[in-house]
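Working notes, beginning with the structure itself.
Throughout, read-outs are computed from the coordinates displayed, never taken from laboratory work. All values derive from a computational prediction rather than experimental measurement. Backbone-built Cβ (ideal geometry, glycine too); neighbour counts: all protein chains shown.
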Amino acid sequence: MSGTSAVVLGAFLVGVLLLIVAVMVWQESRSRFEEHEPEYILEDAVRFVHARLGSAARSALGITGVRRVLEWQVYFLQRLAKDDKEIPIVMGITEGTVDYIVEQLADHGHPFSAEHVTAVLEEQGAYLIHIGAVGEATDEVEF
């Protein structure tokens, strides 16, 4: 192979490499600006909430207790959705939610206080804001 051929081949290969890199950068930039739906991942929520709890709630519940509280809240919301499809399901802290979770935890051998359950649910609200799952505030809705 002559010197000129080697230079041409090298330039061609460098050009192909630069083209591949340019396509990869273009695809990555497109994916960064696409709108992603918020995704609630229980284990991420557990870690987020546990890290933000006050020391009393954190020591009383532990990471396993936080997971249990969040799991029972999911069950509560699923039950609401199944029982009455006419009532919109709104994530939040209500007396019914806290009572249900405290009762279920106690029935399954994990008696946690309503204050600790409320603390977990408050921090879960912060997690929902963090992942972009909380929309704009609306007017009061009558049920």
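Basic side chains Lys and Arg get +1 at the Cβ, acidic Asp and Glu get -1 at the Cβ, and with that the dipole of the range 42-130 about its Cα centre reaches some 320 debye. Residues HIS36, HIS110, ranked from the fewest to the most other C-beta atoms within 10 Å, line up as HIS36, HIS110. Converting phi to 3J(HN,Hα) with the Karplus coefficients 6.51, -1.76 and 1.60 and the offset θ = phi - 60°, the range 101-115 yields 5, 4, 5, 5, 4, 5, 4, 9, x, 10, x, 10, 6, 4, 5 Hz in sequence order, with x at every glycine or proline.
Applying D = kT/(6 pi eta Rh) to the range 42-130, where Rh is the Kirkwood radius over alpha-carbon pairs, T corresponds to 20 °C and eta to 1.002 mPa s, the Stokes-Einstein value obtained is 164 µm²/s.
Counting other Cβ atoms within 10 Å as a rough exposure proxy, the listed residues PHE112, PHE12 run PHE12, PHE112 from fewest neighbours to most. Remark: the range 5-14, residue by residue, has Karplus-estimated 3J(HN,Hα) of 5, 5, 5, 5, 4, x, 5, 4, 5, 5 Hz, where x stands for each Gly or Pro and the curve is 6.51 cos²θ - 1.76 cosθ + 1.60 at θ = phi - 60°.
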